[in-house]
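Trainee: Here's a structure for you.
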Amino acid sequence: MEEDARAVSLLKTTQLTKYFGETHAVDHVDFTVTEGEVLALIGSNGAGKTTLINLISGLIPVDSGAIVFQGADITRDSIHEKIARGIARSFQLVNLFDQLTTLDNLALAIFSRDGKTRKLFTLSDADRAVRDEAVAVLQQFGLANKAGMVAGGLSQGERKLLDVAVAYALKPKLLFLDEPTSGVSTREKAPIMDIITSVVRAGKITAVIVEHDMDVVFKYCPRIVAMHQGTILADGTPEEIRNNAQVTANLLGAQAQS
Ligand SMILES: Nc1ncnc2c1ncn2[C@@H]1O[C@H](COP(=O)(O)OP(=O)(O)OP(=O)(O)O)[C@@H](O)[C@H]1O
Ligand SMILES: [Mg+2]
């Protein structure tokens, strides 16, 4: 892809590597994210997408290679240090407190961001700011009318949105969304992606979205990075990815069959 002279590199991995025994989950990956972009990370099952996110977000330690974020080497930072720097992520399988209300799931994220966890169960007037912010985020995600419902009672699509909202409430600079539409009907995918991409763009957040549905990827993401067997197979515009023979052979063909 053409380099934009104004483009500012936000994240850069160099030869990032993670093996699980014989499995080369992430294999010497050079991956860059430019400030302000919404990019898709694609690849068939087991390609290494989640592992790459787990490494960058600090969930698992790297074997070798480096991760640089805003010019700082964060390779060995803990997950908390990475969140503090502005890296957040949602999960392929949602990570919610099912017994808590939708509002409290968000309030918890805001409290933890602000280091106020000890006050969690006394959401008093003093904590109105947190409550107001949680309500505002719910409104942005179209979940305001579900504020009082326990998360376990939400539909799958609402749960996926709430999980993204929780990560968004951490006010990240860089947000990784691991399959934000997995498990929802094809019909529900577009409304969810509409909400996510508009909130992210309005907040000037850089986002990396893992998605299997190529119609969704081509529609919402101007840049696409394709992984295959732990390596990056291709990196380009929807047009370039569509016309990439290796991607077609390894990925799009496989998807058409499944
Ligand atoms: N904790 C682990 N222990 C052993 N192997 C693992 C572990 N995590 C991932 N793997 C393996 O690493 C490879 C990459 O897995 P990963 O979950 O990153 O793929 P993915 O691209 O996210 O796939 P999917 O689209 O199915 O979510 C797979 O072969 C997987 O089985
Ligand atoms: Mg995955």
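The values are calculated or read from the model by the stated rules, or taken from the named source; none is laboratory data. Model, not experiment: these values are computed from the prediction. Quick reminder, even Gly has a Cβ in these numbers, built from the backbone with ideal geometry, and neighbours come from all protein chains shown.
Trainee: In the list A167, A190, which residue meets the criterion of being under 30 Å from D114 (Cα atoms) and in a helix (DSSP H, G or I)?
Mentor: Result of the check over A167, A190: A167.
Trainee: Can you find, within the range 18-57, the residue that is modelled with the highest pLDDT among those that are among the small types (G, A, S) and more than 10 Å from ligand 1 (Cβ to nearest atom)?
Mentor: A40
Trainee: Considering only residues that are of a type in the set (F, W, Y) and in a loop (DSSP other than H, G, I, E, B), look in the range 92-128 and name the one that is modelled with the highest pLDDT.
Mentor: Restricting to residues being of a type in the set (F, W, Y) and in a loop (DSSP other than H, G, I, E, B), the top hit is F97.
Trainee: Please pick out the residue among E188, E158 that is more than 16 Å from ligand 1 (Cβ to nearest atom), surrounded by 17 or more Cβ atoms within 10 Å (Cβ to Cβ), modelled with pLDDT of 95 or more and not aliphatic (A, V, I, L, M).
Mentor: The unique qualifying residue is E158.
Trainee: Could you list, ordered by first residue, the pairs with Cβ atoms under 7 Å in which the first is in the range 166-184 and free of Cβ contacts under 8 Å to residues at least 40 places away in the same chain and the second is buried (at least 23 other Cβ atoms within 10 Å of the Cβ), at least 6 apart or interchain?
Mentor: T181/K160; T181/E211; V184/K160
Trainee: List, please: which pairs have Cβ atoms under 8 Å, are six or more places apart or on different chains, and start with a residue in the range 221-236 that is in contact (Cβ under 8 Å) with a residue 60 or more places away in the chain and end with one that is within 12 Å of ligand 1 (Cβ to nearest atom) and of a type in the set (K, R)?
Mentor: Note: pairs meeting the criteria are M227/K49.
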